[in-house]
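Before any comments, here is the structure.
The values are calculated or read from the model by the stated rules, or taken from the named source; none is laboratory data. Since this is a predicted model, take the numbers as computed values, not measurements. When we count neighbours, we look across all protein chains shown, and the Cβ atoms used for this are built from the backbone with ideal geometry, even at glycine.
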């Protein structure tokens, strides 16, 4: 029997058959035909901080003292004022609720002032409200979120700093994953249903993980229920912001953090490559004469494959020059030419380049 998505288009016989089935087995699934689904139009995903924070449940995780709260305040102020986040991302103005249970009013005030130093006048932040006390998730938290939503004109953004402070005790009959998922699912459902971005601050594990989402403290239940997960991290090249979500393009951004203010440097991979190239050139300058790849590896501590790959690319870009005997230098020697530099790469390097594995 064929069941149409629209009961109004069903024949009397089909309606009678459906009634018989429901009498015998109870109501069936609420189904949508593929043709109806494909003909539907959906509004675009609501961007709160375009490229990073969208409507739904969002987790911002990172180690302590990396500046998660400063970043959340940056975003909150940008949305509440219709300003720019991280120095360059325009945000549409909306109402913001910042639930800060880690800092009192005095510290909140000092952080806001730090963002507008040297006598700068404060923008109109009347659409940013602060809360320093809140119940746990199972004791009226979502009811209070709903009262806030109904009390403002354009509910857009909620920050919970930190999630652990509103997390209730787990269910002892469930494993950690099941417990965490069931705890945070109602918050995700509320955020999605009302088109509000709820950003929860969280910590990462010591030692990190190969997959950024595996680095979140606790079970994987939190990252599984979140619509978007953002991980703030730091390595030898500086601080980065990794984003992955159901409807968000995966990316990693290099950031600069100074005097409480965040700014975007660029795509993290490009910044890393630039940093490694700078390291290679510095090693040559310290050495004072042409160097073989093995010498550069020893001087920089970089992986051998990365050094050979980067030398090949740098030679093609004439950032370094191949000067014979497999050595490289920052300037061409008298007996070398630009053409020689471009075409005399080692066969192994050429094969690596053609295979598409260059860094």
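Summary of computed values
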| item | result |
| --- | --- |
| Which numbered condition residue 205 fails, given (1) under 28 Å from residue 67 (Cβ atoms); (2) in contact with a helix residue (DSSP H, G or I) (Cβ under 7 Å, 6 or more places away or on another chain); (3) buried (at least 17 other Cβ atoms within 10 Å of the Cβ) | (3) |
| Sole residue being surrounded by fewer than 16 Cβ atoms within 10 Å (Cβ to Cβ) and at positive phi, chosen from 104, 82 | 82 |
| Failed item in (1) under 30 Å from residue 67 (Cα atoms); (2) in contact with a helix residue (DSSP H, G or I) (Cβ under 6 Å, 6 or more places away or on another chain); (3) assigned to a helix (DSSP H, G or I); (4) in contact (Cβ under 8 Å) with a residue 40 or more places away in the chain, with residue 279 passing the rest | (4) |
| From the options 248, 243, residue that is closer than 30 Å to residue 109 by Cα, surrounded by 14 or more Cβ atoms within 10 Å (Cβ to Cβ) and modelled with pLDDT of 85 or more | 243 |
| Filter result for residue 229 (assigned by TED's automatic domain parsing to the domain that holds residue 62, under 30 Å from residue 315 (Cβ atoms) and crowded, with 16+ Cβ neighbours inside 10 Å) | no |
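Residue by residue, here is whether (1) in a helix (DSSP H, G or I); (2) on the phi > 0 side of the Ramachandran plot; (3) crowded, with 16+ Cβ neighbours inside 10 Å; (4) modelled with pLDDT under 90 holds:
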| residue | (1), (2), (3), (4) |
| --- | --- |
| 274 | yes, no, no, yes |
| 323 | no, no, yes, yes |
| 333 | no, no, no, yes |
| 336 | no, no, yes, yes |
| 351 | yes, no, no, yes |
